[in-house]
Structure formats: C-alpha cells, structure tokens
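As structure tokens, the structure follows; a few thoughts come after it.
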Amino acid sequence: MKEQPFTLIQLRSALRQGETSSVAATQAMLDRIVEQDNDIKSYLTITDELALEQAETADQRRANGEDGPLLGVPIAVKDIICVAGAPTTAGSKILEGFIPPYDAFVVQKLKEAGAVILGKTNTDEFAMGSSTENSAYFTTRNPWDLERVPGGSSGGSAAAVAAELAYGALGTDTGGSVRQPASFCGVVGLRPTYGRISRWGVVAFASSLDQVGAFGRTVADATALFQAIAGYDRRDSTSLNVPVPDYAAALTGDIKGLKVGVPAEYFIEGIEAEVETAVRAAIAKLEELGAEIHPISLPHTRYALPVYYLIAPAEASANLGRYDGVRYGPRIAGADMIDTVKQTRALFGPEAKRRIMLGTYALSAGYYEAYYGRALKVRTLIKQDFLNAFESVDVIACPTSPTTAFKIGDRADDPLSMYLADIFTLSVNLSASCGLSVPCGFDSSGLPIGLQLIGNTLQEATILNAAFAYEQATEWGGKRPLGANSAKIDKKLSIL
Ligand code: GLN
C-alpha cells in the first residue's frame, strides 16, 4: 500500500484532493498498530470494525460532495472518555467490561467533524499518574526508547501519536497529563482552559481541575483537533458558554512584539541541565522571532504540588465513591451489601487507594479547614500570581517537565518522585490558564524535550500561534522516533 501522509493536515488535504481515501488511511493505521503496538502498547482497545465502517461512511460522504473538518481522519481516544459501544476502563479493573451506552461530548464532536475512531488508549488508573505504570492493564512504552515511560497519564495517546498509530489523539489533563506525555514523546499537547470543552462523558478524576486536551504531531494538527472538540454544552455546568474562535486562522507565525514572561521559579535545582539548556535556547529563539522576553515571578509556585495533592485526591475520593459494584463494571458478590461493596472496591489499584485515603483524610471533620480549606486559599494565591503576570506578559515560557522520559520502574515505588514529574504543569490547572507543550530539542540520549507555553484564560490562540512560530523556525517539530517505522528493528540498530 502506498505511503500515507504524515500529518493530520496533510491527510486532510490528500483526502480533499482525492489522493487517498479514508479507508486506505484507516487501514494503514490499523496495519501499523498490528505491526508496532505489541512493542509500544499504546492501545487498550482497538475498535477496528467500527473504524472501518466510519471510514467507509466518510468516503461515501465525500463522494456525495460533503466535507468536514476531520472527515475521514483516524483519531485515538484516551480510555477515560466514553465512546458508545466500546469498553471504557479508565485504566482500572473496577471498570473492566463497562461499555458506555453513549458518546462523550468530545466524541460526539469528533463524529460530527467526520473523524474515524481507531480505539481507546492506555492511561494511568483514573488518570492518576505520570507514566502509565498505574494502568491496571499494562505499561505503555515510549516510542523513542522502549525501556522508558511515555509519560502520563495520557501516555497511550502521546505514544500513539508519536509512533504514527493515529493522526491525533484526545487526552485529559488534570495536573499535566497531556503536556507531560507530549513532552516525553516529542509531540504537541494542548491543555485548554478549564471549561473550554465540555467534559460530559469523561470519567471524573478531580472535577475542579479536569479538562480534555489534544495531541498532534505538529501544532497545526493539535489545533485542528482542538478546534473540532471545543465548545459549550449544557450537560457540563462548568463549560463556558463563549464562542469558539477560528484557531487555525490564528496560526500566522507572526509573534513580533509578543511579551513572553520567564518565571524565575521554574528554573530550579533538580531540573536536568540539558532540559534547561534546550528551553533557554527555545526562549532565545522566540526573542529572535521578535518576541520581547521579560523575567517574571510566580511567587507561590512552590505550593503548587502540596495544594494539588490535597485538592486532587479530595475531589477524587468523592468522585470514586460511585464505584460500588452496583452501578458500573464488575461486582464481586459478598456476604451482604457492605461486604459486596468492600470486595468490589478492592479492585482499585494502589494509587487510586492511596488517593482515596489522602482525600478522605483531607476532607474529614476536624481536618477539613486545616487541609482542604487551606489548600483552596493557597490555590487562590497561585491563581492571583498568574493574573498578575498576565497583566504584563502575553505568554509564559518554561520547561514542561524537569526531566526527559525516565526508565520504566525507576519511580514506580516512590510516589513523591512520580508526583514531581508534574511540578511545572500543575499550576496551570490550579489557575485559570491554558498551556501546551511543543518539542524543543533532544537530550544526549536522543529523548525529546518539551517547551511549555502558558496563556491567560481562553488565550489558546496566543499560545498556539507562539508554538507554531517556534515550530516553523526550528527543526524539532514532526520528527519520527527511531522506533516509529519498526520499533524492533530500530531498537536493535540503536543498540549496535
Ligand atoms: N500526574 C498527576 C497526577 O497523578 C496529574 C495527572 C493528570 O493530569 N491526570 O495526579
């Protein structure tokens, strides 16, 4: 079969020109999945029959003169987002066998745009994690080095996009779960503003922080996917009833006069030297492209981690209360009702249990004010830091993660070191900002490094354009990992 286009945008125009068909593009992806995904393990479920049916329909629609923003484009969906008729596990045994009877809002939007859904990608259990090692099923591998994690929790989506096993993918980002894996896998990942996209049909982790995000191999690809899913929906009362701008039109590549803030608190001890060098070089590049660089301060940054690990587990402990063996997924029948609930809830993995305990403690009578209440107050200070910064700058530039992808197993037994993987991403979720990660180089082991660009509330167009300008001016975008064409063969080559 002839080689299919590399980027989503290229595929879309090839489909429009009649140079390929959705069936051919979808089949090519499914073939690659069969060939590669035994090594990478990015998918939990492959919805191949559904995908080919959708591809045929897309081709028919096109033959009838119709078009759509993603008509015929194969996309992957994180397995925490409901797709009607396909299993949705959220990476947990407690949802094994759960088949939602409805599509999430974002999946409805994908379908309206004409997308083809290839399958459901691996995730840390209930999106709690930074490596996919907390998935109850298996760990996804980083396509750049199969011995390393792809990041998480949306590690399956990031790896699938990096390894060309999908033209784009949806993830969710509660504390960094789109940006951090994007950084580890050398792809673009956007975490929009809280409320920009309805979360209806997305399994809840921490409701005041969760948001759906988009992965692409290039900025334009991630933009096209984001454009298709953005929007208000009355079924999610936190979604914002504001118009969706034309994000693609904002990608002019012109950033002359753009004010870029560089926060002192994000270049701290513990950050890998090669990451710091690459990110500083990226900031210098933005300046060369006409941006003005301003040192700024986000003074409450050091509280982001403790605040997040009070608020997120508190909300998680409430959200996970619904898995009782009655309403969803499996039921382990015990002696009586309480015993049944107990035994069923034993299906939660260790990290979910840890969070339920932390959260229940933080919310318990007598401790509520001292922990949860105080965390909410400090969250307001963190938010205020960003609002103050955005009075003088348009964009904040910093690393996405302090390190490149770590080895599988290295942090699995040390929750704190795992939590530190998101030290630079958490504040975006705690404030009302949006953020993205765009590739900005490689370390000496050939692992990708990500530049994080943060924007004020609903300023996705600004950060996407800054990332686009940067990507166009550098060579880091749209690189193929060694393993993308044949993980096994190239793995051997890299050892030789
Ligand atoms: N790694 C963070 C956590 O474990 C963030 C996860 C996420 O964004 N879903 O909570």
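The values are calculated or read from the model by the stated rules, or taken from the named source; none is laboratory data. Fair warning: this is a prediction, and the values are worked out from it, not measured in the lab. All Cβ positions, even for glycine, are placed from backbone atoms using ideal geometry, and neighbour counts span all protein chains on display.
Observations on the structure shown:
- If you filter region 281-301 down to residues that are touching a strand residue (DSSP E or B) at 6+ places or on another chain (Cβ under 6 Å) and among the acidic types (Asp, Glu), you find that the one that is surrounded by the most Cβ atoms within 10 Å (Cβ to Cβ) is Glu292.
- Summed over region 228-280, residues that are aliphatic (A, V, I, L, M), surrounded by fewer than 17 Cβ atoms within 10 Å (Cβ to Cβ) and out of contact with any Phe, Trp or Tyr (no Cβ under 9 Å at 6 or more places or on another chain) total 5.
- Filtered by the rule that a residue be assigned to a loop (DSSP other than H, G, I, E, B) and near the ligand (Cβ under 9 Å from one of its atoms), region 191-206 gives Phe205, Ala206.
- Here the helices (runs of 4 or more DSSP H) wholly within region 408-479 that include at least 2 residues being closer than 17 Å to Val260 by Cα are 460-473.
- Residue match in region 286-296 (condition: within 22 Å of Leu430 (Cβ to Cβ) and either touching a residue at least 40 places away in the same chain (Cβ under 8 Å) or assigned to a helix (DSSP H, G or I) (or both)): yes
- Selection count where residues are surrounded by fewer than 20 Cβ atoms within 10 Å (Cβ to Cβ), within 20 Å of the chain's Cα centre (by Cα) and farther than 25 Å from Pro143 by Cβ, scope region 386-414: 0
- Total residues in region 163-174, condition away from the ligand (no atom under 12 Å from the Cβ) and either touching a Phe, Trp or Tyr at 6+ places or on another chain (Cβ under 7 Å) or free of Cβ contacts under 8 Å to residues at least 60 places away in the same chain (or both): 2
- Pair list, Cβ < 7 Å and 6+ apart or interchain, from region 338-349 residues that are outside any helix (DSSP H, G or I) to residues that are loosely packed, with under 15 Cβ neighbours inside 10 Å: Leu347/Pro330
- Contact map, region 175-190: residues that are near the ligand (Cβ under 7 Å from one of its atoms) paired with residues that are at pLDDT 95 or above and part of a helix (DSSP H, G or I), Cβ distance under 7 Å, separation 6+ or inter-chain. Pairs shown: Gly175/Tyr308; Gly175/Ala312; Gly175/Leu426; Gly175/Asn429; Gly176/Leu426; Ser177/Ala127.
- Ile9 buried (at least 23 other Cβ atoms within 10 Å of the Cβ) and touching a helix residue (DSSP H, G or I) at 6+ places or on another chain (Cβ under 6 Å): no
- So Ala169, is it among the aliphatic types (A, V, I, L, M), within 22 Å of Asp443 (Cβ to Cβ) and either surrounded by fewer than 24 Cβ atoms within 10 Å (Cβ to Cβ) or modelled with pLDDT of 95 or more (or both): no
- Filter result for Ala314 (within 16 Å of the ligand (Cβ to nearest atom), in contact with an Asp or Glu (Cβ under 7 Å, 6 or more places away or on another chain) and either closer than 30 Å to Pro402 by Cβ or in contact (Cβ under 8 Å) with a residue 24 or more places away in the chain (or both)): no
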